[in-house]
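All remarks here apply to the structure that follows.
Here, each number is a calculation from the coordinates, and none is a lab measurement. Because the structure is a prediction, the values reported are computed rather than measured. Cβ sites come from the backbone with ideal geometry, for glycine too, and all protein chains shown count toward neighbours.
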DNA sequence: GTCGAAATAGGCCGTTCGACCTATCAATGT
DNA sequence: ACATTGATAGGTCGAACGGCCTATTTCGAC
């Protein structure tokens, strides 16, 4: 009873390397997807046990693909892969129905262990599994994106990164321009930035905001 | 006479997958580096035939690592790996002494082919090899970052992304503040940005400037 | 039950920004 | 030879920005 795997990553190099490794380790790699769309299609047609899914992919990101797969086939276990651990992305992925989360800096052995773990545990325990993987992530990666900026400040930053002016941010958040500027002033201190440009760039580097 | 390889990439997952694949294909993987510093150290101590080097790595980027390795051991052939094809990065990598350039979306077979190619050809031909790899890149990837902004404008953008104010950019480039503002105005039109924040973000998305 | 942090909002003030305009010079291409 | 483009530099002006204040409310923590 070998475990049937589906790999989803936009980089063929990683996909193929991963396939050989997983086959070596005794898994049955039933398919490879190069984007989110393909991942959803193949998941439905191939009915794998586990999907190893990259978060950043063309056409449809891994989180959305996970959501759609889980809607149709709730039995499939999705383990997310990502470059850097990012609290928000992790949270979103788990909400989308992923049972595990691995950074790309982990070893093949850790991937195997994670896959076997999610297959061993029943659905009721998968939340704990995810939690323990998160702990792992926290230990090995950034000590913490740990609330450097508050939730509201993060919203302001994201809107500015999305192209909004101070006035537009105020309108979108239903607050006064002055409050937006207050949040920005606070952000400048925390991120050691002298203007909105540097603040947004720092936030991008730290994974607080995302380039769309 | 097996070809001795050194792998340099900050993601263990890709590194290990690549190692298994390359070993399968008959190469001798003599070492793995997780950052630029380590790559330089290992290249010197292990004296590999070819280094597969990722461009984006902590501590020291792949381009700089390539430069240093080639300074000390000019015989080593460095093949660069990158997520997305970016004209500027490619040009910089070749100037640094890389003999080849591959996007991570290529197959293991293509990597093997590229490595065997750079080992077959003598130094005189390696420029052609690089050129043909570039052609490959141009076909498959972005049609062109194609001089959207001028060289000077790009310098201005990069300095602003690096944290310089208008005044500081002027000082660094030995031009007046007014000229910097002129360049910026031109950039805003070309990138359809309304301020420096959006201009820099667009430039980052387009790969024109790089976050350090 | 108080203390602190977060979110809200305002004023004031000097600096910077960006839009719109002209202008020169060198290089490049037709 | 002429047109175009890039790089340089300047002026003006209103809007936006950021620093430095105070102040209220709410909410969770201790």
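In peptide A:18-28, what is the residue-averaged number of other protein chain Cβ atoms found within 10 Å of each Cβ? Display every interim value, and only then the final one.
Details: counts 7, 4, 10, 7, 2, 1, 2, 1, 0, 0, 0.
If you average over the peptide's residues, the count of other-chain Cβ atoms is 3.
If I model a spin label as a point 7 Å beyond the Cα along the Cα-Cβ vector, how far apart are those points for residue A:113 and residue A:148 in nm?
Here the answer is 2.9 nm between the modelled labels.
Average partner chain C-beta neighbours within 10 Å, per residue of A:198-207? Write out the running numbers ahead of the final one.
Details: counts 8, 1, 5, 11, 2, 0, 4, 2, 0, 0.
Partner Cβ neighbours, averaged per residue: 3.
Please compute the volume of the convex hull spanned by the alpha-carbon atoms of the range A:43-86 and report it per residue in Å³. Don't skip to the answer; put the middle values down first.
Numbers: hull volume 3.3 nm³, N = 44.
Spelled out: Cα convex hull of the range A:43-86, divided by residues, is 76 Å³.
Shielding of A:32-44 by partners, i.e. mean partner chain Cβ atoms within 10 Å per residue?
Working: counts 0, 0, 1, 0, 0, 0, 0, 0, 0, 0, 0, 0, 0.
Across the residues of A:32-44, the mean count of other-chain Cβ atoms within 10 Å is 0.
How far apart are the residue B:181 label points across copies, placing each 7 Å from Cα toward Cβ, in nm, shortest first?
The projected label point of residue B:181 is separated from its counterparts by 2.0 nm.
Which length gain, in nm to one decimal place, applies between residue A:1 and residue A:173 when the Cα-Cα distance is subtracted from 0.36 nm times their residue separation? If you can, show how the numbers build up before the last one.
On the way: separation 172, 0.36 × 172 = 61.92 nm, distance 5.31 nm.
Here the segment from residue A:1 to residue A:173 would lengthen by 56.6 nm.
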